[in-house]
Each structure stands twice: as C-alpha cells, then as structure tokens.
Number of protein chains: 2
Amino acid sequence: MNVMNASPRRKELTRLAAQLFVQEGFDRTTVRMLAQEMGIKSGSLFHHFKDKQEILAAVIEEGTQNALSIAKAALQACPNNAEARLHAMARAHLETLFADRNAHVVALFEWRRLDPAASAHLSHLRDAYEAMWVDVIEDALSAGLIHGDRFLVSRFILGALNWTVRWYDPNGSRTPDDLADELVAMIMSR
Amino acid sequence: MNVMNASPRRKELTRLAAQLFVQEGFDRTTVRMLAQEMGIKSGSLFHHFKDKQEILAAVIEEGTQNALSIAKAALQACPNNAEARLHAMARAHLETLFADRNAHVVALFEWRRLDPAASAHLSHLRDAYEAMWVDVIEDALSAGLIHGDRFLVSRFILGALNWTVRWYDPNGSRTPDDLADELVAMIMSR
DNA sequence: TACGTAACCAAGCAAGCGCTAGTGTAAATG
DNA sequence: CATTTACACTAGCGCTTGCTTGGTTACGTA
C-alpha cells in the first residue's frame, strides 16, 4: 500500500510536481511525466500518493500553509500601527508568492481542478489567510490611510498583488519589497 | 473539406466553445463535449474548425478584437484630458471584460495552451490593446494625476482589473462602471 | 539470521482522446 | 436539369491516459 503521511521524500516529490504543474498545467502533466521528473517509474508514484488529485492537493496545501505562517510572523514582528501592518502584509504576500512561486501559481490557476472534498478542506486554509488581509485593510481604512469600499479595496489590492506572478522577473532590478512599497504608495492618500 | 471563414454558424459555435472552456478548462473539454453542446456529432465539428487548437484561437481572437474596438470607441467619445481618458479606459476594460466574459476568461487563463503560431498572431492584437493603456497611463502620470513607476503602475492597474473576473458578480448591486470609478479613485492622488 | 517495511519496477488494462475517411442530403447555383 | 456547396452523419484508427497488479530490492531492527 501507499504512504500518505508527510515523509521527507513526499515533500520533495511535491516540490517537483509543483514545478511541472506550472510548466505544463495540471491536466497536461501526466503521471509518467511526474514519475520521470522524480526519477522513478509511473507505478511507483502511487506508493506516495493515492492518486493524481492528491498530488495537486499536496502542492496547494504546502503553499497556503507557508503563506499563513509567513504572514503571521510578519505581523507579529512589525510595529502595531495601521501603516506598518499594511506594509508588512503586502511585503509578506509577495515574499511568499515568490519564495514558493510554483506552489502559489498552481494554487491560483489550478484551484478549480481540485475535487470537491479537497477544495472544501483547502478553502478553510485560504479563508484564514484572507481574514488576515481583511483585518489589516479595515485598520488602514479606519486610520484614514486609504479610502473606499472595504470589499472593493481588498479585492483590488489582492488582484494587483496576485497578478504579479504573470509578469514579475526575479532576475530583474526590482525586489519583491520594492513592488510592495510601490503598491502601498500608489493606494495611500496623501 | 472544411470551412475556415467567418460564417455565422462558426461564430455561434465559437461562443458555445468559450462557455465550455470556462466551465471545464481547455484541456478537459473534449471535442465530443463541444459537439454535443453544439447539437452535432464530434466528426462534424471538423468541418468548421481545422482542429481543437483553432477553436481556442477563434475564442481568444474574438474577445481581443472586441476589447480593441470598445476601447477605441471609448477613447474617441471622451473629453481629451488625462483624467477623463483614464476613467474611460478603465470603464471600457471592465465593460468588455463582462460583456464577453467567457472569451476573456479563456484569453486570460488558457493563453498558454495556444500553439506558437497562433500565439504569435494573437500577441500582436494583445500588444495593440496594451499600447493604448500605456499611452493613457503616461498621460495620467505627466498630468500629475497618479504617481509612481509607469511600468509598475500599469501592471498593478491591469492586475486589479483583470482579477475582477475571479470575484465580480454581475447580479450583485455594483455595476462594472462602479468598479472602474472606485479603482480610479483609489489610485488618484488627492 | 529472520523479519518488517518503505521504495521501487515491469507490464498492462480499460477508458477516453483527437482526428480521419468516406458517405448522405438538402439547398443554392449554373 | 446538372452541378456545386454547406453541413451533417457513421465508424473507427492509433494513441495516451490514470491507475492497478503482482512481484522485487534495500535496509534497519531484533
């Protein structure tokens, strides 16, 4: 039978899977391609994962867990005022987005390939993360740092941030922190 | 043989294909599913399109052409100042995004499934559209309406706008124009 | 030495895939 | 009337897919 715990081997396989899912898309990535990238035969893959779906779920769970813990750490380490928290959250978002770029691209663009059970489970994680954003944005609004409808403002900010995975080049001259600062500057009232 | 011109039948089939591509994703949509949705048998589909790839290209071309003509019309019909043009462009973007929502969702999220030839051809269309945005944003920057790096500002704005297809509900209380106005208000310096 | 277990492999099945070949038919065209 | 055109059909080829089966290897523990 197969092992479904968090073995170190499984974690490495998940990382490789994320890379292939980004390169080819989930549907076009075959179990044979995954196995070859992992240096094993396709049959052996099912010792580590129940089925192809479970690999996708593992990739997304990994990325989302990292996002959560990075955001939590960033908020705890920063001064307790609205502006600092907004900055910290934007920086943390881009930091995790590019530290685990593959996993997050999969989470953002292949989410709908999850079966209902996995989707329900992972939605809770995602909601926990978004709740942190809502909190920070409400603080910024009450502090008069930014203006507008809280729902729309948060969607616009997350949209602008998430879309960076489509154009940001980590080998360019800008750091993720540069992006975060520029975005916050753009939306802050002066 | 098959017909590859712009017959009215083909246009309707393209619309149906866009809907299925959004529902299932391009890779999971089979020619048999497409045919059934169109009320014909799978073999008959190849009378209208050379292959499955060509259906995808047709969907994306249709959407991008519409975006271009709507944006052009909007800019010609609006006062010739930076603020009005910025508003008009944002409104036009969301207008076309939700008028041809299926086609645009496919263009945004299934672009990479295009083969190199089709991708090269359609890239020109898309570049023409983005050039209009760059123009409008540079005007807004010189007019002191917004501040920041032109490259980053335009990416953030387009990201925030494009991401709306992931959460906007046309049956809600907000119109696309509301969204456009709120976004422009959010980024304008006061 | 004997045993348990994690990791792997070769082979292949059943289902589904994109696409082709060849044909039928009703309406438009000369 | 004869011919062409547009559109649809049936049947199925050749291939790939996710996954299973039944067994082997490597190695730590007693």
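The values are calculated or read from the model by the stated rules, or taken from the named source; none is laboratory data. Please read all numbers here as calculations on a predicted model, not as lab measurements. Reconstructed Cβ throughout: ideal geometry from the backbone, glycine too, with neighbour counts over all protein chains shown. Ligands, DNA and RNA are excluded from the accessible area calculation, which covers all protein heavy atoms including side chains. Shrake-Rupley method; radii C 1.70, N 1.55, O 1.52, S 1.80 Å.
So if I place +1 on the C-beta of Lys and Arg and -1 on the C-beta of Asp and Glu, and nothing else carries charge, what would the dipole magnitude of the stretch B:51-187 be about its Cα centre? I want it in debye, nearest 20. Please report the intermediate quantities before stating the final value.
Details: 12 positive and 20 negative charges, 37 e Å.
The calculated dipole for the stretch B:51-187 is roughly 180 debye.
Around B:HIS147, which amide H atoms from residues at least 5 apart in sequence, or from another chain, sit under 5 Å from its own amide H, with H modelled in the peptide plane?
The answer is B:SER189.
On the full set of protein chains, 1.4 Å probe, figure out the accessible area of A:VAL134 and give it in Å² to the nearest 10.
60 Å²
Please report the relative contact order for the stretch B:1-156, taking Cα pairs under 8 Å with a sequence separation of at least 6, and give it as a percent rounded to a whole number.
Working: 129 pairs, mean separation 39.3, N = 156.
After rounding, I find 25 percent.
So what's the gap between the Cα centers of the stretch A:128-175 and the stretch A:22-81, to the nearest angstrom?
Here the answer is 24 Å between Cα centres.
So for the protein assembly as shown, taking the charge dipole from beta-carbon charges (+1 Lys/Arg, -1 Asp/Glu), which of B:VAL31, B:LEU108, A:MET132 sits furthest toward the positive end?
B:VAL31
Measure nothing fancy, just the Cα-based angle from helix A:176-187's long axis to the longest principal axis of chain A, in degrees from 0 to 90, nearest 10.
Value to nearest ten degrees: 40.
Could you report the stretch A:3-154's accessible area per residue, 1.4 Å probe, as an integer in Å²? Don't skip to the end; give the middle numbers.
On the way: 7200 Å² over 152 residues.
Per residue, the stretch A:3-154 has 47 Å² of solvent-accessible surface.
Take every residue in peptide B:116-128, count the Cβ atoms of other chains within 10 Å of its Cβ, and give the average of those counts. The partial results should precede the final answer.
On the way: counts 0, 0, 0, 0, 0, 0, 0, 0, 0, 0, 0, 0, 0.
Going residue by residue through B:116-128 and averaging, the value is 0.
Which of B:ASN80, B:ASN162, B:ASN102 moves the most in a Gaussian network model of chain B with Cα springs under 10 Å?
B:ASN80
Just the number, please: carbon plus sulfur as a percent of the accessible area of the stretch B:51-187, 1.4 Å probe, no ligands or DNA/RNA counted. Don't skip to the end; give the middle numbers.
Working: 2900 of 5790 Å².
So the carbon and sulfur contribution to the accessible surface is 50 percent.
Give me the one-decimal nm value for the distance between modelled label points at A:GLN53 and B:LYS11, 7 Å along each residue's Cα-to-Cβ direction.
4.1 nm
Rounded to the nearest 10 Å², what accessible area does B:TYR168 show when all protein chains are kept and the probe is 1.4 Å?
Counting only protein heavy atoms, the figure is 20 Å².
Based solely on its DSSP helices, what 222 nm [θ] is calculated for chain A when runs of n ≥ 4 H residues each add -39,500 (n - 2.57) and the sum is averaged over all residues, nearest 500 deg cm²/dmol? Display every interim value, and only then the final one.
Details: 9 runs with 134 residues, N = 190.
It lands at -23000 deg cm²/dmol.
Ordered by residue, what ³J(HN,Hα) values in Hz, to whole numbers, does the stretch B:94-109 give under the Karplus form 6.51 cos²θ - 1.76 cosθ + 1.60, where θ = phi - 60° and Gly and Pro are x?
The phi angles translate into 6, 4, 5, 4, 9, 6, 10, 3, 4, 4, 6, 4, 4, 4, 6, 10 Hz.
Given Cα pairs under 8 Å that are at least 6 residues apart, what percent is the relative contact order of the stretch B:71-190? Intermediate values should be presented prior to the final figure.
Values: 69 pairs, mean separation 48.8, N = 120.
That works out to 41 percent.
Of A:LYS52/A:LYS72; A:LYS52/B:LYS52; B:LYS11/B:LYS52, which ones are farther than 27 Å apart at the Cα? Before the final figure, lay out each step's value.
Numbers: A:LYS52/A:LYS72 31 Å; A:LYS52/B:LYS52 25 Å; B:LYS11/B:LYS52 15 Å.
Listed pairs above 27 Å: A:LYS52/A:LYS72.
Report the one residue of A:LEU68, A:MET89, A:ILE55 whose Cα lies farthest in the direction of the positive end of the charge dipole of chain A (charges on C-beta: Lys and Arg +1, Asp and Glu -1; origin at the Cα centre).
Of A:LEU68, A:MET89, A:ILE55, it is A:ILE55.
With the solvent-accessible surface defined on protein heavy atoms using a 1.4 Å probe, which residues belonging to the stretch A:132-160 display a reduction of at least 50 Å² in accessible area in the multichain context relative to the isolated chain?
A:LEU152, A:ARG155, A:PHE156
Taking both sides together, what accessible area is buried at the A/B interface, probe 1.4 Å, expressed in Å² and rounded to the nearest 100?
Details: alone 10600 and 10680 Å², together 17930 Å².
Its buried surface, counting both partners, is about 3300 Å².
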